[in-house]
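Enquirer: Sharing a structure below in structure tokens format, with a few things to ask.
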Amino acid sequence: MTHLDSPHSPSHEIEPNPMNSTRTGRIPIELKPEVVTAVIDTREQLPLDLSPLGTVAGTLSTGDYSVAGLETLIAIERKSLPDLLSCVGQERERFDREVQRLLAYPVRAVVVEATWLDLERGEWRSRVTPAAAVGSVLGWTANGVPFLLVGDRAAAGRTVAKMLFLAARRRWREMRPWLDATLNGGVVEQKNGAIQPTGSDK
């Protein structure tokens with residue numbers, strides 16, 4: 001399982017693994033889902049299926065899902081439809097604070113196990129009206145936290161796993177020149193706004 005380093009998390013350090021390098025001394029060009037470790041908050045009672053990612057339980061300050069080593073950069077919250085209705089209604093103040101905390105993460109989202117049609121129909125036993133539910137979700141989204149209404153639990157698992165992998169892969173691509181240079185004893189320089197080993201024409 002690969003733990004990707006976060007610049008805001010000094011307790012995690014990237015150490016290139018020679019076992020992952022090729023004969024030319026370079027690390028793999030691309031990151032594969034199977035080597036990414038998702039962190040599932042210990043308070044998540046029914047964790048989603050995030051395969052093919054690896055998983056580990058951990059305490060997250062915000063959100064239900066993140067990536068090991070990138071906990072300060074990625075936060076994804078999962079909500080069932082009843083959860084969402086509670087956030088719109090009786091838990092509104094608490095969830096508004098949660099939304100504010102999510103805004104501090106470059107990669108953030110709330111994945112909901114429901115559809116827009118579910119919200120518009122309002123077929124639930126709650127004092128929350130369809131208009132209030134739709135308006136609240138649009139308001140939170142407008143404030144900067146994307147809400148992804150994906151349909152059901154299985155779709156939520158696939159969506160969260162894909163988001164975590166894409167965020168981890170982006171970080172991997174950003175750090176790969178540094179990892180290559182470190183593995184080969186080289187020096188990293190800034191060129192055209194991107195970091196890459198010295199002597200590279202790419």
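Enquirer: Looking only at the range 21-71, which residues are part of a loop (DSSP other than H, G, I, E, B), at pLDDT 95 or above, among the β-branched types (Val, Ile, Thr) and touching a helix residue (DSSP H, G or I) at 6+ places or on another chain (Cβ under 7 Å)?
Expert: Across the range 21-71, the qualifying residue is only Thr62.
Enquirer: For Leu46, are the conditions met, namely being within 19 Å of the chain's Cα centre (by Cα) and surrounded by fewer than 21 Cβ atoms within 10 Å (Cβ to Cβ)?
Expert: Taking the combined requirement at face value, the residue satisfies it.
Enquirer: Also, quick follow-up: Every residue in the range 86-112 that is under 14 Å from Trp140 (Cβ atoms) and of a type in the set (A, V, I, L, M, F, W, C), please.
Expert: The answer is Cys87, Val88, Phe95, Val99, Leu102, Leu103, Ala109, Val110, Val111, Val112.
Enquirer: Show the residue pairs that are 6+ apart or on different chains and have beta-carbon atoms under 8 Å apart, the first residue being within the range 62-78 and surrounded by fewer than 24 Cβ atoms within 10 Å (Cβ to Cβ), the second being basic (Lys, Arg) and not in a loop (DSSP other than H, G, I, E, B).
Expert: If the second residue must be basic (Lys, Arg) and not in a loop (DSSP other than H, G, I, E, B), the pairs left are Thr62/Arg101; Gly63/Arg108; Asp64/Arg78; Leu73/Arg171.
Enquirer: Let me ask something additional. Can you name the residue in the range 103-117 that is out of contact with any helix residue (DSSP H, G or I) (no Cβ under 9 Å at 6 or more places or on another chain) and either at pLDDT below 95 or hydrophobic (A, V, I, L, M, F, W, C) (or both) and, of all such residues, is surrounded by the fewest Cβ atoms within 10 Å (Cβ to Cβ)?
Expert: Only one residue fits best here, namely Leu117.
Enquirer: Something else about it: Restricting the first residue to the range 81-103 and requiring it to be farther than 22 Å from Ala156 by Cβ, which pairs with a second residue that is of a type in the set (Val, Ile, Thr) and buried (at least 20 other Cβ atoms within 10 Å of the Cβ) meet a Cβ separation below 7 Å and a spacing of at least six or different chains?
Expert: That search, which allows pairs on different chains as well, returns nothing.
Enquirer: Could you grab the pairs with beta carbons closer than 7 Å, sequence gap of 6+ or different chains, first residue in the range 154-182 and of a type outside the set (Val, Ile, Thr), second one part of a helix (DSSP H, G or I) and modelled with pLDDT of 90 or more?
Expert: Once the first residue is of a type outside the set (Val, Ile, Thr) and sits in the range 154-182, its partners that are part of a helix (DSSP H, G or I) and modelled with pLDDT of 90 or more give Phe165/Pro33.
The values are calculated or read from the model by the stated rules, or taken from the named source; none is laboratory data. Quick caveat: nothing in here was measured; it's all calculated off a predicted structure. Cβ coordinates were reconstructed from backbone atoms using ideal geometry, including for glycine residues, and neighbour counts include every protein chain displayed.
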